[in-house]
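The values are calculated or read from the model by the stated rules, or taken from the named source; none is laboratory data. What you see is a predicted model, and the numbers here were worked out from it, not measured in a lab. Here the Cβ positions follow ideal geometry from the backbone for every residue, glycine too, while neighbour counts run over all protein chains shown.
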Amino acid sequence: MRRAVRAELGRGSLLVACSGGADSLALAAAVAFEAPRAGVAAGLVTVDHGLQAGSADQAARVAAIGHELGLDPVLTLDAEVGSTGGPEAAARAARYAALDEVAERLGADVLLGHTLDDQAETVLLGLGRGSGPRSIAGMAAVDGRYVRPLLGIRRSTTEAACAALGLTPWSDPHNIDPRFQRVRLRTEVLPLLDDVLQGGVVPALARTADLLRDDLEALDVWAATEVVRASTPSDASGGGQLEVAGLIDLPRAVRTRVLRAWAVRVGAAPLSAGHTAALDALITDWHGQGPVPLPGGVHVFRASGRLEAEPHEQE
């Protein structure tokens, strides 16, 4: 645990996001041990979602542990949980909104306690949703201000660390509630896969995510280069025309990335799979079809071997 944390201490001031569960509690203890030795300022933040009876008391207990560990500052945030996307997604959105605000205000990076087991669950959720390789690539170790030092560490290790340090983790009732998909993956699906495939499923899924993330990063870099190449000279900094020549010969994975990136540059909102396919047809299945309406009030049409974008009032 301490070795994992030590590798992330060159980033400036840090906040540990801590729920009081074994993962984040062990992370907080490791940071409290390592940060002073590295001369790094490190605090703790806990978020009260207000979704369970006694949640304020639990947040106060976590804050007390933060003080005992010597972390500073220790902050308790209240999150306003909506209903969009179901209870899990709504709680997550509210939590990250609260963390974003305090991290921006303090100019700190936020350490999260996601483990190898969490990564495996995330990969399975992505597979089940059929939402493409980016979701199957799981969580990144560094994502902007968010850092996940424990993605290579099993949950059993965080539990053992807490036991070794005499820390008593909080058992969140939501973590055993079968209404939540992630709970059923953890308690039913992964144990069954481990049994059928004779072990090693969790690290194998996490390893798959790592390999896929490398591929995605390479494709993104390739696509960014192609956006610059295909933009007309006067529009290379983000204008509204894209040369068709050369795009048709690109692998579809690269070409669709080019189209999505270019569409956002010319004012469209992020595209759905249907919008991307319609744009791609202007290149690969051109037969004189009309403009493609995109979210954000932009129409794209093909003329004289170019894709061109123009504003269009949404009805």
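Residues that are free of Cβ contacts under 8 Å to residues at least 24 places away in the same chain and under 18 Å from V147 (Cα atoms): does segment 73-93 have at least one? Looking for residues that are free of Cβ contacts under 8 Å to residues at least 24 places away in the same chain and under 18 Å from V147 (Cα atoms), one finds at least one in segment 73-93, hence yes.
Of all residues in segment 148-159, one or more are loosely packed, with under 15 Cβ neighbours inside 10 Å, in the same structural domain as A59 (by TED's automatic domain parsing) and within 24 Å of the chain's Cα centre (by Cα).
Among the residues of segment 123-144, those identified as buried (at least 17 other Cβ atoms within 10 Å of the Cβ) and assigned to a loop (DSSP other than H, G, I, E, B) are A137, G138, M139, A141.
Within segment 102-111, work out how many residues are part of a helix (DSSP H, G or I) and of a type outside the set (V, I, T).
4
Out of all the residues in segment 214-229, is one or more in contact (Cβ under 8 Å) with a residue 24 or more places away in the chain and assigned to a loop (DSSP other than H, G, I, E, B)? For segment 214-229, residues in contact (Cβ under 8 Å) with a residue 24 or more places away in the chain and assigned to a loop (DSSP other than H, G, I, E, B): absent.
Of all residues assigned to segment 112-122, none qualifies as being assigned to a strand (DSSP E or B), surrounded by 17 or more Cβ atoms within 10 Å (Cβ to Cβ) and within 13 Å of the chain's Cα centre (by Cα). Against the test of being surrounded by fewer than 20 Cβ atoms within 10 Å (Cβ to Cβ), on the phi < 0 side of the Ramachandran plot and either at pLDDT 95 or above or not assigned by TED's automatic domain parsing to the domain that holds S24 (or both), the options A97, A93, A164 yield a single qualifying residue, A164.
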